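The values are calculated or read from the model by the stated rules, or taken from the named source; none is laboratory data. Computed from a predicted structure; not experimentally measured. Counting neighbours? That spans all protein chains shown, and the Cβs are built from the backbone with ideal geometry, glycine included. These area figures cover heavy atoms from the full protein model, side chains too; ligands, DNA and RNA do not enter into them. Shrake-Rupley method; radii C 1.70, N 1.55, O 1.52, S 1.80 Å.
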Amino acid sequence: MILASQAAPNALLGELTPPGDKSISHRALIFSCLAQGTSRIRGLLDSEDVNATANACRQLGMTARAEGGEWVLEGVGERGLQPPDGPLDMGNSGTAMRLLAGVLAAQPFDSELTGDASLNRRPMKRIVAPLSLMGACIETAAGGTPPLRISGRPDLRGIDYESPIASAQVKSCLLLAGLYARGRTTVQEPLRSRNHTELMLPAFGVPLVGNCGVTGGSRLSGTSLQVPADSSSAAFFMVAAALVPGSDLLLRDVGLNETRDGIVHVLNAMGADLTIRDRRRFGGEAVGDIRIRYAGRLKAVDIAPDRVPSLIDELPVILALAAAAEGTTRLRGAAELRVKESDRLSVMARGLETLGVSLREYPDGLDVAGGPISGGRVDGAGDHRCAMSFCVLGQAAAAAVTVSGCENIDTSYPGFVADLTSVGGVVKT
Ligand code: S3P
């Protein structure tokens, strides 16, 4: 339980470097495991989700040691994975499960992937169906949820897949399986999802086929990478500074990949005072330092469906921001939020209503009428991003906001409370 108290708003001042990008960290570990030779990774996120991937990679044969601020990972090569001793536990992480399923489907051994109660409710048909087209053999629980019982099939065939959903997890799963398949594997999606896999594969020596494809039998070789700070974690501080009068924050080394930067566009459209300095690249990934200053009450915005993939994980905190803005914010095309770590549309709607916000819920979105935020007790429902969003909104509330269901904040941002407190946020645990 966290008490995000705000009797008198405390300006958020100073600077911080948010922790490493979660999506990029998962990929860096998995690709390093599959590579021949040594990889050196700086800035890897140390969180429960990423640790689930690291543990799975260790069970598959990778060795890892910390050395002078970086992780040194010894890969086993694509064909060198060892059968795990028992089921691999992916904890709360959909990315870990879906990406590793692509690798394990192609191995000459059987395996099982499982997770916590939340992950074991999440849909896996979206990967099982296309992997089956490639010749994979995967059993799910009734309803298409985990655990995944994978009978390894080293003779997969490549496919050209038109995905019905924009999902980087589906895309990355298939590209990983495609590394082992006969011929080429390509993926098209209705809207562009995050492209970290496509950017990272060439760094490990794998040429892409077109924008989003691989040729079976491509070899990965160890490399050195620096992981940018996670824009999805930075988002909580961008919104906090936009909400609390007098705030002025500098967020360093933040990932600005164009498939992830929707929050910057939304904040600008709402009238925030946000500037980006020192744009540069960490390998293929764009990064920069973001300065954000309080600029008065922001204006509501319409978030159209085609924007959703570029800010999918930031939507809970954007909804929190909308709750304090002037006018009604309309979000549509975001049905995917209902199958994340929680049903995020419902969890955010219930919490915001408790704090006195008027809203209307749709199957694929919300209308949120901005107004004053009262105090109250809300439930983060064990979803890290919803819990942190309520803590941020509590910084601007008229009375204390108490947030329960915060235990999973550690899945993506173990230092969240310490970082928020370090810039003047009011949080008691
Ligand atoms: C992720 C992709 C997104 C995102 C998730 C991380 C990834 O999910 O919501 O937090 O690392 O590939 P989908 O691919 O299901 O949209």
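Observations, loosely collected:
- If the condition is being more than 16 Å from the ligand (Cβ to nearest atom), in contact with a helix residue (DSSP H, G or I) (Cβ under 6 Å, 6 or more places away or on another chain) and within 21 Å of Asn408 (Cα to Cα), then the stretch 3-49 contributes only Ala4.
- The listed residues are Val214, Val170, Val266, and the only one of them that is over 23 Å from Lys340 (Cα atoms) and of a type in the set (A, V, I, L, M) turns out to be Val214.
- Residue match in the stretch 315-323 (condition: open to solvent by less than 20 Å² (accessible area, probe 1.4 Å), modelled with pLDDT of 95 or more and in a strand (DSSP E or B)): no
- Search result, residues across the stretch 324-375 that are in a strand (DSSP E or B), within 30 Å of Thr145 (Cα to Cα) and not hydrophobic (A, V, I, L, M, F, W, C): Arg360, Glu361, Tyr362, Gly365
- Number of positions in the stretch 104-121 that are crowded, with 18+ Cβ neighbours inside 10 Å and in a loop (DSSP other than H, G, I, E, B): 6
- Of the residues contained in the stretch 341-362, one or more are found to be out of contact with any helix residue (DSSP H, G or I) (no Cβ under 7 Å at 6 or more places or on another chain), under 22 Å from Thr95 (Cβ atoms) and open to solvent by 40 Å² or more (accessible area, probe 1.4 Å).
- Residue within the stretch 398-418 that is buried (at least 24 other Cβ atoms within 10 Å of the Cβ), without any contact (Cβ under 8 Å) to a residue 24 or more places away in the chain, within 15 Å of the ligand (Cβ to nearest atom) and closer than 26 Å to Arg126 by Cβ present: no
- Tally, over the stretch 245-304, of residues that are more than 29 Å from Thr197 (Cα to Cα), open to solvent by 20 Å² or more (accessible area, probe 1.4 Å) and hydroxyl-bearing (Ser, Thr, Tyr): 1
- Contacts under 6 angstrom Cβ, first residue in the stretch 337-356 being under 14 Å from Ile373 (Cα atoms) and away from the ligand (no atom under 16 Å from the Cβ), partner hydrophobic (A, V, I, L, M, F, W, C) and part of a loop (DSSP other than H, G, I, E, B), 6 or more apart: Leu355/Ile373
- Test: residue in the stretch 31-41 that is open to solvent by 30 Å² or more (accessible area, probe 1.4 Å), at pLDDT 95 or above and within 30 Å of Arg377 (Cα to Cα): no
- Scanning the stretch 313-336 for residues that are within 16 Å of the ligand (Cβ to nearest atom) and either touching a Phe, Trp or Tyr at 6+ places or on another chain (Cβ under 7 Å) or free of Cβ contacts under 8 Å to residues at least 40 places away in the same chain (or both) gives Leu315, Val317, Leu331, Gly333, Ala334, Ala335.
- Residue within the stretch 19-26 that is in a loop (DSSP other than H, G, I, E, B) and acidic (Asp, Glu) present: yes
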